[in-house]
Amino acid sequence: MADGSDTPTITLTDSAARRIAEILSGEAEGSMLRIAVLGGGCSGFQYDYSITTEREDGDLLLEKEGGRVLIDETSQQYMPGATIDYAEELIAAAFKIDNPIATSGCGCGTSFSL
């Protein structure tokens, strides 16, 4: 995490970084993808994605291949060691978060439980 603790790092795959860079190329200068964990969804928690130009204190900034992702301090606690990926499959293309502390997920791909 951002504070240098022993908490496992959240990582961004090359595929996700390229797709994020592509999305951000059509947005305002300095835009970033914000990923947050919110209560709700099919399984108790859900990932929320939004575009922002504002970085808050405590935000983790991941930068790779032109892709820039922000994760707020509270959300970081719900996804230590997670990997953010982007997959293009036959019937869908989507961001996928492999969260090692999630005990289950939903078919929608955006909600999980702990």
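Picking from residues in region 32-45 that are surrounded by fewer than 18 Cβ atoms within 10 Å (Cβ to Cβ) and within 13 Å of the chain's Cα centre (by Cα), the one that is farthest from residue 12 (Cα to Cα) is 38. Note on region 41-59: among residues that are more than 27 Å from residue 29 (Cα to Cα) and of a type in the set (S, T, N, Q), the one that is modelled with the lowest pLDDT is 43. The residues on offer are 87, 21, 28, and the sole one that is outside any strand (DSSP E or B) and in contact with a Lys or Arg (Cβ under 9 Å, 6 or more places away or on another chain) is 21. Condition check: of a type in the set (A, V, I, L, M, F, W, C), modelled with pLDDT of 95 or more and surrounded by fewer than 18 Cβ atoms within 10 Å (Cβ to Cβ). Does residue 16 satisfy that? Taking the combined requirement at face value, the residue does not satisfy it. Take the conditions within 13 Å of the chain's Cα centre (by Cα), of a type in the set (A, V, I, L, M, F, W, C) and at pLDDT 90 or above and apply them to residue 62. Does it pass? The answer is yes for residue 62. Within region 48-98, track down each residue that is among the acidic types (Asp, Glu), within 19 Å of residue 112 (Cβ to Cβ) and buried (at least 16 other Cβ atoms within 10 Å of the Cβ). Selection gives 72, 85. Right, residue 34: touching an Asp or Glu at 6+ places or on another chain (Cβ under 7 Å) and within 26 Å of residue 89 (Cβ to Cβ) or not? Spelling it out, it is not the case that residue 34 is touching an Asp or Glu at 6+ places or on another chain (Cβ under 7 Å) and within 26 Å of residue 89 (Cβ to Cβ). Among the residues of region 98-110, is any in a strand (DSSP E or B) and over 18 Å from residue 13 (Cα atoms)? Looking for residues that are in a strand (DSSP E or B) and over 18 Å from residue 13 (Cα atoms), one finds at least one in region 98-110, hence yes.
Taking the listed residues 75, 50, the one that is in contact (Cβ under 8 Å) with a residue 12 or more places away in the chain, hydroxyl-bearing (Ser, Thr, Tyr) and assigned to a helix (DSSP H, G or I) is 75, with no other qualifying. Residue 81 satisfies every condition listed in (1) in a strand (DSSP E or B); (2) of a type outside the set (A, V, I, L, M, F, W, C); (3) within 14 Å of residue 10 (Cβ to Cβ); (4) modelled with pLDDT of 95 or more except (1).
The values are calculated or read from the model by the stated rules, or taken from the named source; none is laboratory data. Please read these numbers as outputs of a predicted model, since none were measured by experiment. Quick reminder, even Gly has a Cβ in these numbers, built from the backbone with ideal geometry, and neighbours come from all protein chains shown.
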